[in-house]
Amino acid sequence: MAGNTVVKKLCSSMKVLQGALRSENRELVRLALCLLSSMVSQGAESAREVYAHFTFSQGLGRLARRRVKKGRPDIRMAYVQFAVSFLVSGDPATVGHILEVKELLPEILTSGISEDRLSVVSLILSTLKSRVVKNKAVTKTQKVRFFTAVLLADLATLYRWDGIVDASTEEDDDIAVARAAVRDLVHGFLLEVCSSRKNGISFHDPSYGTAGRSGNIVLLQFLGGLKPTEDPLVEELVVKTLRASPDLLGRFFRESRYSFAPRVQSAWRDNVTLVKKIYEAQPEIESVFRTREFVPVPRLGAMILVTSLPPVCTKAFFTAGLTHTTLSMMSFVLRKAQRNLDFLLDQDMWRSSEVYSLDAMEPLVQQYRETISKVLPDMTAIVSNWQSLSKKEDLEHKISEERKGKNTRSTGEKPSTDTLAADSAEVIVLKALLLQVMCLYQKVVPHLVSQCKFDFSKLFR
């Protein structure tokens, strides 16, 4: 009560306090901010009083850039405490107003947070998480307005934090431990913001993006600027965000700067591995049928394809070269398709369904098989690859036997066959993958197998 009275009296002199913030005297500016933070911290009433009398002018944001890099308390730290005090002490209305002030929290987060001290980073992230992200009084719309793609990108720079250690860690002054701590902090924070439907900014699209809605644009823009193949935590963030928002999958890959044209470089293999992880994490087909509303068969087919057929998996992708990477991806797509078909052909499921019948599933199954078959190479290409590998295997075996005989006759010693053994192992793995793919063809796209005139019994002679 007494504190609120003092705050009201001080608010009558707010012009003097704000004048001090424009001073060139660093200590005077810092002390003025500390006083303002103390005033706000007196409670919700005081926070409202300060907010009502304080003028959040356009030039105020420059205070967020006045920092001392030697580790001493500086103006930026005091400005952070001033902004955070509103979130801690303010009522829902005040918190909502503060989130709209561009010169306060957004300015702090977009002006070099990756250079802040460990204690400042921890204060900002923990307060935002508890008082904004997990605050039920803050609406999802308010969160989307606040957490812009630019702001999220600035927060993501904390994955490469290079600030000052000024808070206790398990090993004092250990910069590696501090960096790991900051990475964990920002990772947990961004996962909550981007992948939590309950607390984050993700809106559920029951059509999986097939209805043409432009939802979750902020997340799409943010994900497009990340480099998930270079950091396992960023990769996990992308995978879990796209799992929570499958409607973004098509647009994410269409607008991606990554190349998926088959190449021999490791970067391409990393890109394909990322695609595989994203689709491994996608919800199973049951999630498409959770709605009690009837969805027309063409739309249903499109929704199932969203989470089971990556846009990068085209016929050109698979036919450019049946390497271990492309064969592995083909096997993954076919196995996922087989699970989907097993679900769609489950008679017991549709007998008890109130929305769909088994008869309604038959055209859907046919549509799904046809769509999958359009991106796969024909069976002749698969068989041709098997035969090429068999010839290579026979040739390597012949060369190995010749070298063994030659070396035994000349030196009496066993030859070095490491290279041949490695090649032979690779051939065996590729043939195993090809065999798996051929079996999956028979289950998923049997019409492609029936179109092939090859006598498959020859494969095992």
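Some observations on this one:
- Candidates 330, 340, 291 compared by Cα position along the dipole of segment 277-403: farthest toward the positive end lies 330, with charges placed on Cβ.
- Across segment 46-159, C-alpha contacts under 8 Å between residues 6 or more apart give a mean separation that, scaled by the residue count, equals a relative contact order of 28 percent.
- Rounded to the nearest 20 debye, the dipole magnitude of the chain is 840 debye, with +1 charges on Lys and Arg beta carbons, -1 on Asp and Glu beta carbons, and the Cα centre as origin.
- When the alpha-carbon atoms of the chain are used, the pair Rg, Dmax equals 30.4, 105 angstrom.
- Stretching the chain fully between residue 211 and residue 70 yields a gain of 45.4 nm (0.36 nm per residue, less the alpha carbon separation).
- 29 Å Cα-Cα threshold exceeded, pairs from 8/143; 276/453; 129/227; 102/136; 277/443; 129/276: 8/143; 276/453; 129/276
- Summary of packing: across the peptides 95-107, 351-363, the per-residue average of other C-beta atoms within 10 Å ranks them, highest first, as 95-107, 351-363.
- Cα→Cβ-extended label distance, 7 Å offset, between residue 119 and residue 276, nm: 4.7 nm
- Neighbourhood charge, 14 Å Cβ-Cβ cut-off, centred on residue 42 and excluding it, Lys, Arg +1 and Asp, Glu -1: 0
- By average C-beta atoms within 10 angstrom, highest first, the peptides 116-124, 335-343: 116-124, 335-343
- At least 20 Å along the helix axis (C-alpha) and Kyte average at least 1.0, DSSP helices within the chain: 26-40, 75-89, 175-195, 418-444
- Candidates 123, 233, 454 compared by Cα position along the dipole of the chain: farthest toward the positive end lies 123, with charges placed on Cβ.
- Taking 0.36 nm per residue of separation and subtracting the current Cα-Cα distance, fully stretching the chain between residue 435 and residue 258 would add 60.7 nm.
- Counting only DSSP H runs of at least 4 residues, each contributing -39500 (n - 2.57), and dividing by the residue count of the chain, the helix-based mean residue ellipticity at 222 nm comes to -19500 deg cm²/dmol.
- For segment 27-80 versus segment 274-297, the inter-centroid distance based on Cα atoms is 48 Å.
- A crude spin-label estimate for the pair residue 196 and residue 62, with each label 7 Å from Cα along the Cβ direction, gives 3.8 nm.
- Ranking 181, 150, 242 by Cα position along the charge dipole of segment 90-243, where only Lys, Arg, Asp and Glu carry charges on their C-beta atoms, puts 242 farthest toward the positive end.
- The slack in the chain from residue 139 to residue 320, taken as 0.36 nm per residue of separation less the alpha-carbon distance, amounts to 60.3 nm.
- Accessible area of residue 230 in the full protein assembly, 1.4 Å probe (Å², nearest 10): 140 Å²
- Each part reduced to its alpha carbon centroid, segment 298-334 and segment 180-219 end up 25 Å apart.
- A Förster radius of 25 Å, combined with the Cβ-Cβ distance separating residue 297 from residue 204, puts the computed FRET efficiency at roughly 0.65.
The values are calculated or read from the model by the stated rules, or taken from the named source; none is laboratory data. Note that this is a predicted model, so its numbers are computed, not measured. Backbone-built Cβ (ideal geometry, glycine too); neighbour counts: all protein chains shown. Surface areas here come from the heavy atoms of the whole protein model, side chains and all, with no ligands, DNA or RNA. Shrake-Rupley method; radii C 1.70, N 1.55, O 1.52, S 1.80 Å.
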